[in-house]
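The values are calculated or read from the model by the stated rules, or taken from the named source; none is laboratory data. What you are looking at is a predicted structure, and each value in this text was computed from that prediction instead of being measured. Using ideal geometry, Cβ is built from the backbone for each residue, glycine included, and neighbour counts are taken over all protein chains shown.
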Amino acid sequence: MPERLPINLNDLLRQRTVEGERIEYKTGWNPDPIIRTLCAFANDFENLGGGYVVIGQDCDANGQPIFPPLGLSDHALDKIQLELLAACQLIQPAYFPVLSIEEIEGRKLVILWAPGGQNRPYKAPAAVTAKHRSLHYYIRRYSSTVEAKGETEQELLSLAAKVPFDDRFHLGARVSDLSKPLMLRFLQEVGSALAEDAEALSVEALGRQMNVVGGPVESPWPKNVGLMFFNDAPEQFFPYMQIDLLWFPDGAGGDVFDEKIFKGPLATMTRETLGYIQRNFLHETVIKHPDQAEATRVWNFPFAAVEEALVNAVYHRSYEEREPIEVRISREELVILSFPGPDRSIRMEDLRAGRAVSRRYRNRRIGEFLKELDLTEGRSTGIPKILKVMAANGSPAPLFETDDDRISYVVRLPAHPQTQGADTTNREVTMEVTMEVTMEVAALLRVVDGEMRRQELQAAMGLKNVEHFRRTYVLPAIASGCLERTLPDQPNSRLQRYRLTSKGQQWLQTHNAKPA
């Protein structure tokens, strides 16, 4: 029976538009190329998490899907489901994708979700319909499926039984260790069609559809990635799965420091750390120039660069090593340390120059979930984005450091000189620092109009996830003293409203903005 995808199909087609390493479009059922592509996704040569074959979707010469899609007739749907089982049995070892029938703009499509296989390398026949079938290894190269030959074949063979740690079964845990509420919250946040049916499913059935549970029916096992995202205390299974944040008020060489440790589900831990850094350590400096009306605004550490660096550390660290991610903050720099260093396919000179492009990802499944939550883009865009954001803020260039043995990885974000009280000789400027209003809080303050319900504020900002909105926007705004509840003693009341405080109104006036 067709299953529901743990993703939003509209996002799959419209946001991941062009054919690439993780998606291929087919106008109709053609078993030969489709089975070869499924084999390539199962081999998951780059550890990207497999991919999708969309049948019934036509595309242009650039690989971009055409809407409305061509679609499939009911007869074609029946034919595909009947023939797919027999065709997939020809893949060695046996491999079967998840099949889902979806509807887009009134047209029915077949989606084959092919996650990276547990038993790679896989072989498939060059021609399913041939009388004498020859089996070959296939991998993805950009938007094409190609046969693995020569050195590429040898490298694929070397990956045998090397399933990435995050995609392995955790034999010390049980399926009941997965939290169904956390799984439901994730599906709702990413807009998955599976969320509609998930409430009625058992944890095991839901986990299998989300590919965080595997193994035989009589002995199911949770996967490491499932425990990392969908268990309230994953550190019990992965010691030191945490982020240690240290603040050095007198500099890294000082004797005094404050420490705060963040634990919990991977996405929650990451977001809470980022929120804490925003509220407590990021500030904007407004430089007023006597000879011009417009002031210059700079941040000590631009949030987008901090976010990218920290999420990259969460994505690429090894969860087999008992070392936390460490964030060290002083007035001079923000440093993020993780273990181990970058993959050896990245050359040292490219890393230092900010041109690092990895050929293989350590945590393909973690990356898959972080992408769905819009916490990362993947595809080696992290370092270029950090460089771009730091340059746009006028900050010194960041530093990316590792050692020859790739034991650790360090990202250093220098503070903007003008936020440290840098020398301003021969420049008439007035410095004004706003320590408590983050970019998210500022965006929230600008939509407040009188007394508003939480739902009204969230709609005005175009945000969907309630918990993310509460933690990242509402609570920091209240903590800053710029926003207040109309019923402060009844925070969960259905009559609760939010309004600007006098401090919030003053902040808007100072920043030349008015409530919407």
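The range 76-131 holds strands (runs of 3 or more DSSP E) entirely within its bounds, and those carrying 1 or more residues that are more than 13 Å from W29 (Cβ to Cβ), within 26 Å of the chain's Cα centre (by Cα) and among the aromatic types (F, W, Y) map to 107-114. Identify the residue in the range 153-168 that is touching a strand residue (DSSP E or B) at 6+ places or on another chain (Cβ under 8 Å) and touching a residue at least 40 places away in the same chain (Cβ under 8 Å) and, among all such residues, is nearest to D32 (Cα to Cα). Within the range 153-168, the match that is nearest to D32 (Cα to Cα) is L156.
Within the range 435-464, residues that are closer than 20 Å to A304 by Cβ reach partners that are part of a loop (DSSP other than H, G, I, E, B) and among the aliphatic types (A, V, I, L, M) with beta carbons closer than 7 Å, at six or more positions or on different chains, in the pairs T438/L282; R446/A513; R446/A516; M461/V447. Of all the listed residues (S100, S134, S73), the sole one being small (G, A, S) and surrounded by 14 or more Cβ atoms within 10 Å (Cβ to Cβ) is S100.
Using the structure shown, decide if D244 is assigned to a loop (DSSP other than H, G, I, E, B) and of a type in the set (D, E). No.
For a quick check of your reading of the model, give me the residue pairs whose first member lies in the range 132-145 and is closer than 9 Å to E21 by Cα, whose second is among the β-branched types (V, I, T) and not in a strand (DSSP E or B), with beta-carbon atoms closer than 7 Å and at least 6 apart or on different chains. Sorted first by the residue in the range 132-145, then by its partner, the pairs are T145/T37.
For the range 458-470, a tally of residues being part of a helix (DSSP H, G or I) and either of a type in the set (A, V, I, L, M) or surrounded by fewer than 17 Cβ atoms within 10 Å (Cβ to Cβ) (or both) returns 6. Consider R328 carefully, then state whether it is surrounded by fewer than 19 Cβ atoms within 10 Å (Cβ to Cβ), touching a strand residue (DSSP E or B) at 6+ places or on another chain (Cβ under 9 Å) and modelled with pLDDT of 85 or more. Yes, satisfied.
Close Cβ contacts (under 8 Å, 6 or more residues apart or on different chains) running from residues in the range 18-39 that are more than 15 Å from P69 (Cα to Cα) and touching a residue at least 60 places away in the same chain (Cβ under 8 Å) to residues that are surrounded by fewer than 19 Cβ atoms within 10 Å (Cβ to Cβ) and polar (S, T, N, Q) comprise G20/S143; E21/S143; P31/T129; D32/T129.
Within the range 134-165, restricting attention to residues that are modelled with pLDDT of 90 or more and assigned to a loop (DSSP other than H, G, I, E, B), which residue is nearest to F41 (Cα to Cα)? That would be A148. When residues in the range 282-297 are screened for being surrounded by 10 or more Cβ atoms within 10 Å (Cβ to Cβ) and part of a loop (DSSP other than H, G, I, E, B), 4 of them pass.
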